[in-house]
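**Student:** What follows is a single structure, and I will ask about it in a moment.
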Amino acid sequence: MHQPSSNWLKRWLAHNQPAIVLFRRRSLYGWMAAHLLFIIIINSVSAYKAYHEFHHTPEESYAVGKLTPFLEAKAIRYYGRFTGAETGYGFFGINVRSNGMLIGECGGTPITADFRSYETSLRFFSMANALTDDFIKPDAHDSLPGGLLGEYNNLVFKNIAVTLFQQHGCVDSTVILSYNVLQFPTLQAVRAGTPKEYQLTKLVTGTYSLTPHAQ
């Protein structure tokens, strides 16, 4: 008994098929553009805030001040969390946010981790990035210094240091591991004659005493 209405719906869909396809295509392109714009905005604001938090300078950008309440709205945070957009470029380009490196010291000689595959190196640097987020952005809302997370980070940091010493056959009784931020000269400094080279700035250093097990 519902056949007439069903036939009408089929005829309507067939008649309006081009318009429906066009609407769906435009909706998809519109969402893609909005999504990419969201990623650009959230990365720009995050980079601006991280820079001023790290250097302990006041935020004076009018645009960032206006955008911050929007980005912190509950609906926007849910969207960013479920789509992965809140992670920024790192969601689409692995290790894109890397701007530092872990360096150990053996008898005053710098040592770094050596791996046998690119995948292992990638996993290590991705893990190091997660570990050092609190060092780069100490005032971030999601930063949890101290407590259980602080103990965990310290344990991972120590294990990396010990592994570096074992890999390089060091005989020292003290393990030193530092996280170094890559500082690049500004364009203005380069125009003034500054060499186009980065400098390593130690952000945090961990020193651990080792007691060899009895043989």
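The values are calculated or read from the model by the stated rules, or taken from the named source; none is laboratory data. The model shown is predicted, which means the values in this text are computed figures rather than measured ones. Quick reminder, even Gly has a Cβ in these numbers, built from the backbone with ideal geometry, and neighbours come from all protein chains shown. Please note that ligands, DNA and RNA were not included when accessible areas were found on the heavy atoms of the full protein model with its side chains. Shrake-Rupley method; radii C 1.70, N 1.55, O 1.52, S 1.80 Å.
**Student:** In segment 152-180, how many are over 15 Å from G107 (Cβ atoms), at pLDDT below 80, open to solvent by 40 Å² or more (accessible area, probe 1.4 Å) and not aromatic (F, W, Y)?
**Tutor:** Residues that pass the stated criteria total 1.
**Student:** Going by the structure shown, is A140 modelled with pLDDT under 80 and either in a helix (DSSP H, G or I) or open to solvent by 60 Å² or more (accessible area, probe 1.4 Å) (or both)?
**Tutor:** no
**Student:** Just one of the numbered conditions (1) under 26 Å from M127 (Cα atoms); (2) at pLDDT 85 or above is not true of E86; which one?
**Tutor:** Here E86 clears every test but (2).
**Student:** Another question about this same structure. Test F38 against the stated conditions and say whether it is open to solvent by less than 80 Å² (accessible area, probe 1.4 Å) and either in a helix (DSSP H, G or I) or not small (G, A, S) (or both).
**Tutor:** Against the criterion (open to solvent by less than 80 Å² (accessible area, probe 1.4 Å) and either in a helix (DSSP H, G or I) or not small (G, A, S) (or both)), F38 qualifies.
**Student:** Just name the residue that is nearest to G84 (Cα to Cα) out of those in segment 12-35 that are open to solvent by 100 Å² or more (accessible area, probe 1.4 Å) and modelled with pLDDT of 75 or more.
**Tutor:** It comes out as W31.
**Student:** Across segment 156-170, what is the number of residues that are without any contact (Cβ under 8 Å) to a residue 12 or more places away in the chain and more than 17 Å from S126 (Cα to Cα)?
**Tutor:** 2
**Student:** Sticking with this structure for a sec: Considering only segment 181-201, how many residues are of a type in the set (D, E, K, R) and either part of a helix (DSSP H, G or I) or surrounded by 11 or more Cβ atoms within 10 Å (Cβ to Cβ) (or both)?
**Tutor:** Selection size over segment 181-201: 1.
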